[in-house]
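What follows is a set of notes on a single structure, which appears directly below.
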Amino acid sequence: MSTIFLRIVPTSFLGTSFRVRRPHRMIERHLVAYRRQWLIVVSGFFEPLFYLLSMRAGLGDLVGTVSVAGTQVPYDAFVAPALMASSAMNGAIFDSTGNVLHRLKYARIYDAALATPMSPADVAVGEIGWALMRGQLYAISFLGVMAAFGLVQSWWALLALPACALIGLTFASIGFAATTYMRGWTDMEIVTTATMPLFLFSATFFPISSYGSWGWIVQLSPLYHGVALVRAANAGVWSASVLGHAAVLLALSAVALVVAARRIDTLLRK
Amino acid sequence: MPEPLIVASQLVKRFGDFTAVGPIDVEVQPGEVFGFLGPNGAGKSSTMRMIACVSPITSGSLRLFGLDPATHGPQIRARIGVVPQLDTLDTELSVQENLWLYGRFFDLPRAEAKRRATELLEFAQLTDRADSVVDNLSGGMKRRLSIARSLINRPELLLLDEPTTGLDPQARHVLWDRLYRLKQEGVTQVLTTHYMDEAEQLCDRLVVMDQGLIVAEGSPRSLIDQYATREVLELRFPAGTNEAAAPQVEGIGERQELLPDRILVYAHDGEAALAATHARGLEPESALVRRSSLEDVFLLLTGRTLVD
Ligand SMILES: Nc1ncnc2c1ncn2[C@@H]1O[C@H](COP(=O)(O)OP(=O)(O)OP(=O)(O)O)[C@@H](O)[C@H]1O
Ligand SMILES: [Mg+2]
């Protein structure tokens, strides 16, 4: 009887090695490794910036204003928070998929780390933390650029940073978990294929109302909830729905983190 | 008698239905250099990975320093150094960074990690390559760096999986010398090897593994005494005639082995065996008398040569 019970409910849901003590050591390693590759880090900032510039120059004039929570805002002020959210997503996914796959399967950095007191959970949390940190760096710079362009509407906009951290956490966890299932580089195509529609159809470029009766599909996109959070922060207009969006992202992160930690355990401790 | 540092009893490792190791019983005493010897696929690395607490055991029990890897993995790993069969150096870091950042995984303060890194560079004769990218090192240098890295936490137990495979003879002797120095400092070592001379050189005690099981155990000398003779006469007959010659050599030594390219005659006195061969009117193309080695032990135990 008790053995059946143990089968259904594993004694330790997260596995015996779910001990998070030294994730910062992984981050320290990356800080040293990236000293020689700072150009890669800097370049990640430019992509959303170029998007913003092109939106401002091109679409802004065509579209005019968009209604956000009952007030009219210029199109670039509408799009900028969404680009900020998207760049938080892209940064997190980039770091937690391609880079992790390389370290896991080809550079085999984690194998070396696990021969030390580091645990698989340290590796997972460290990598996700690193992706988050890098995402924050971009978010801060992006917010600075928005402020410089006069697209920031109030001090509330600072809350867009924790919102981006939450987006980073969600997508880094999902990305890491997904990477543990990848067989090789060809599977990276799936990541690109999956993130593109998220970027396009998360009420990024149009308000959700313009999707009409298809709006519920947009709601399924995790990025949509992130965009809504950043937009609310930037506009300084808060409603109960913010809690709902945050809860969706938190729940997704939690599930993905558990999957990530368990998978990395089985992959590395054969 | 001190408490053994490693105790494995009825230790088993399975991958799916396939049993890679065991059941095996092993005890390693503090200060000892212990070897796992065996051919490809014998289960040496699988055993080493269990001892290194990076691979969960399937059944049986394993204790290091009296601790259970399943519950005290990090505490045990803090006290051991691991040189895996294939180098797992960080190719995005310099030689020096590989050392001190690894020390950080053991919670060494940064200054201490860097101090030890400098020392270990000296030990591995890599000081002038401190800032090189790892990719640019030769195979032997990488191996030395791996060994240096495994020492960053001043381990009480060092696990070396085929430490000298792929090294030229000179590099191998340098490494043996380093390992001998560590032994004198009291570092317990467990190593695997394909090479009988290495085992003979380094190990106080060893087990011969074959197909996941231990087939013999003892000191190198005692294994040779027990499973071989003092000397071996190697006879090579013209290509293709070895097999035909084999029956005619019968009885000269205590036993003999027919290999594709030669016949090994095990005898206490090799020269006498050679004289007896000639007396029978046999004319080998070449004949060589040598001391028997662990290689012969392995051959006699398993019927196969070690390095194919
Ligand atoms: N992760 C794994 N999954 C499935 N089988 C494995 C795994 N690791 C090892 N094996 C199998 O277990 C057996 C023992 O392998 P192991 O690497 O321990 O041998 P070894 O003695 O170290 O050999 P070598 O001298 O070639 O290094 C082999 O048959 C190998 O194919
Ligand atoms: Mg091996």
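The values are calculated or read from the model by the stated rules, or taken from the named source; none is laboratory data. Remember, it's a predicted structure, so these values are computed and weren't measured experimentally. Here Cβ is always computed from backbone atoms with ideal geometry, including for glycine, and neighbour counts include all displayed protein chains. All accessible areas refer to the heavy atoms of the entire protein, side chains included, with ligands and DNA or RNA removed. Shrake-Rupley method; radii C 1.70, N 1.55, O 1.52, S 1.80 Å.
Points worth noting:
- One residue from B:ILE76, B:ILE51 being farther than 23 Å from A:ARG103 by Cα, buried (at least 23 other Cβ atoms within 10 Å of the Cβ) and in contact with a Pro (Cβ under 9 Å, 6 or more places away or on another chain): B:ILE51
- Only residues that are open to solvent by 30 Å² or more (accessible area, probe 1.4 Å) and either within 13 Å of ligand 2 (Cβ to nearest atom) or not charged (D, E, K, R) (or both) were counted in segment B:54-64, giving 6.
- Any chance B:GLY35 is more than 9 Å from every other protein chain (Cβ to nearest Cβ), within 16 Å of ligand 2 (Cβ to nearest atom) and closer than 30 Å to B:GLU119 by Cα: yes
- When residues in segment B:63-79 are screened for being touching a helix residue (DSSP H, G or I) at 6+ places or on another chain (Cβ under 9 Å), more than 10 Å from chain A (Cβ to nearest Cβ) and in contact (Cβ under 8 Å) with a residue 24 or more places away in the chain, 3 of them pass.
- Restricting A:LEU243, A:LEU250 to those that are under 14 Å from A:CYS164 (Cα atoms), open to solvent by 60 Å² or more (accessible area, probe 1.4 Å) and more than 14 Å from chain B (Cβ to nearest Cβ) reduces the list to A:LEU250.
- Verdict on B:VAL297 being out of contact with any Asp or Glu (no Cβ under 8 Å at 6 or more places or on another chain), open to solvent by less than 80 Å² (accessible area, probe 1.4 Å), outside the structural domain of B:LEU37 (by TED's automatic domain parsing) and within 28 Å of B:THR192 (Cβ to Cβ): yes
- Restricted to segment A:188-246, the set of helices (runs of 4 or more DSSP H) holding at least 1 residues that are of a type in the set (Ser, Thr, Tyr) comprises A:188-200, A:222-235.
- Taken as a whole, segment A:112-119 holds no residue that is open to solvent by 20 Å² or more (accessible area, probe 1.4 Å) and at the interface with another protein chain (Cβ under 10 Å from one of its Cβ atoms).
- Of all the residues in segment B:22-70, those that are away from ligand 1 (no atom under 13 Å from the Cβ) and either part of a strand (DSSP E or B) or under 17 Å from B:LEU157 (Cα atoms) (or both) number 23.
- Residue, surrounded by the fewest Cβ atoms within 10 Å (Cβ to Cβ), within segment B:82-99, restricted to residues that are among the hydrophobic types (A, V, I, L, M, F, W, C), touching a residue at least 40 places away in the same chain (Cβ under 8 Å) and more than 15 Å from A:ARG103 (Cβ to Cβ): B:VAL83
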